[in-house]
Each structure stands twice: as C-alpha cells, then as structure tokens.
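Participant: Dropping the structure in here first, questions after.
Values in this text are rule-based calculations from the coordinates and carry no lab data. Everything numeric here is computed off the predicted structure, so don't read it as measured data. Positions of Cβ are backbone-derived with ideal geometry, glycine not excepted, and every protein chain shown enters the neighbour counts.
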Amino acid sequence: MADFNAGKPFDFERGFTMDFDLKTGFSTMLDTGKRYLSQMKGMFADDAAYDAACDGQDPLVYEFHGMPVPEHEGDLAFGCSIVYPGKVGNEYYMTKGHFHTMLETAEIYYCLAGHGYMLMENPEGDWLALELEAGKAVYVPKRYAHRSICVGNEPLRTFFVFRADAGHDYGTIETKGYRKLLVEADGKPTIIDNPKWK
C-alpha cells in the first residue's frame, strides 16, 4: 500500500502514523523509562519491608513508554505504562504518581491488560480508587494526583493521553505521599490511611 505521508516521522504539524501494540503497549517509536525498586525509596509505607525487598536485588516496578511530543499548547501526549506484579510488605507495586504541573489538567487511561486500580486525590483531600481491568477506561479529573497500582498476577498495562504542556509534579507526592494506601488484607485489595502522610 502506498505511503502518502510526505512529512517527518513525528510531524506534529501535519500528522503521522506509528506502530502501537494494543496487547503489550509497546511501540518502536516511543521513548522508554523504567523505575526500579531502588528508585522508589520513601514511596512505600513499611520502610523495613522496603529495605528487605531491596536487599541484594533491584526488581523492576514499572516502566513507561511515551511519545516525545513537544510541550506545546494544543498538542497531546500519549503512551503506555506497565506496572509489574509484586508487593513491598502488604502494599502492592505502584507508580510514584503525580499531579500535573498545570493542575487544571485531566487525563485518560485505558486498560489494555491486567488488573489494578487508579488511586486519585486532590489537594483539598477528596480521594477515590477506581478499578482497572482490560477494556475499561478511567477519566482522571483535573486537580487530581493519580497513581496506577497492580493488584493482579500479570502486568497492569494502560494507555494514557493528556495535554502535552501539562508537565508532571512528582515532588509533591515524594514529599507528602498519598493520604490513602492500597494494600492486601485478607487476600484482597483494601484501602487504609497512610501512616506517613504529611
């Protein structure tokens, strides 16, 4: 079939096509980042369990694959995040989570595979945890920090889209944490208060 695209591989002015595997979330054209357990210090509530989990090993907790979109008003950023199964103590593996630097920014996540939750909270203290399963989409409202949490036995794979100039504020979460945690209790996901929340 003829390729009528005369532009550059990523032509944000005229459009482009790209490969994107909806089963894995991978693309040969996306930038990749990885977070290992050693990079998650302070994110889990049980410091002793964290130290034990890091002793002599450094498992991959999650990775993300994002389109290198210019951070311009009107453009859209998108990609995939993959959270692997695992726990630190009784707390499930998760992404660090973030607010957007432009707080008035919403985001869409579509679950490709796996089982998990999107934990969200706003600066005023409202929070919720919405379940993610393959075929479900979650709308993250503006002003809400959000964190993906894998509660199943296979990787939680989500596709995301947000405004390209929104930015990421990880510092607030690294400093304060989330008000709530998702842990395993009696064999099922359970919400508890975060004893380390500031």
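Participant: Which order results if MET102, MET118, MET18, MET43 are arranged by neighbouring Cβ count within 10 Å, fewest first?
Facilitator: MET18, MET102, MET43, MET118
Participant: For the chain, what does -39500 (n - 2.57) per DSSP helix run (n ≥ 4), summed and divided by total residues, give at 222 nm, in deg cm²/dmol to the nearest 500? Provide the component values of the computation, followed by the final result.
Facilitator: Working: 2 runs with 14 residues, N = 198.
Rounded to the nearest 500, the figure is -2000 deg cm²/dmol.
Participant: As an exercise, identify the GluC sites (Glu not before Pro) in region 107-198 lying in DSSP coil whose Cβ has no more than 13 other Cβ atoms within 10 Å.
Facilitator: The qualifying sites are GLU124.
Participant: Could you tell me the relative contact order of the chain? Use alpha-carbon pairs under 8 Å, at least six residues apart, and round to a whole percent.
Facilitator: With pairs under 8 Å counted, the relative contact order is 22 percent.
Participant: Considering only the other residues whose Cβ falls under 15 Å of the Cβ of GLY79, what net charge follows from Lys and Arg at +1 and Asp and Glu at -1?
Facilitator: -3
Participant: Okay, next question. If amide H atoms are built 1.01 Å from N in the plane of the peptide, which residues on other chains or at least 5 residues away come under 5 Å of the amide H of VAL161?
Facilitator: ILE108
Participant: Please give the residues of region 93-107, grouped as numeric ranges, whose backbone N is less than 13 Å from a label point set 7 Å along the Cα-to-Cβ vector of ASP31.
Facilitator: Answer for region 93-107: none.
Participant: Local charge sum around GLY114 (other residues, Cβ-Cβ under 9 Å, Lys/Arg +1, Asp/Glu -1)?
Facilitator: Net charge in that neighbourhood comes out at -1.
Participant: Separate question: Under the Karplus relation 6.51 cos²θ - 1.76 cosθ + 1.60, θ = phi - 60°, what is the ordered set of whole-Hz ³J(HN,Hα) values for region 100-105, x standing for Gly and Pro?
Facilitator: So the Karplus estimates, Gly and Pro as x, are 8, 4, 8, 4, 7, 10 Hz.
Participant: Short version: ³J(HN,Hα) in whole Hz for each residue of region 63-68, in order, from phi by Karplus 6.51 cos²θ - 1.76 cosθ + 1.60 (θ = phi - 60°), x for Gly and Pro, what are they?
Facilitator: 9, 9, 10, x, 6, x
Participant: Please give the length that would be gained between ILE191 and CYS54 if that part of the chain were fully extended, namely 0.36 nm times their separation in residues minus their C-alpha to C-alpha distance (nm, one decimal).
Facilitator: On the way: separation 137, 0.36 × 137 = 49.32 nm, distance 2.44 nm.
Gain on stretching ILE191 to CYS54: 46.9 nm.
Participant: A further question on this structure: Report ³J(HN,Hα) in whole Hz for each residue of region 31-43, in order, from the Karplus equation J = 6.51 cos²θ - 1.76 cosθ + 1.60 where θ = phi - 60°; Gly and Pro get x.
Facilitator: Values per residue, Gly and Pro as x: 6, 10, x, 9, 10, 9, 4, 4, 8, 10, 4, x, 7 Hz.
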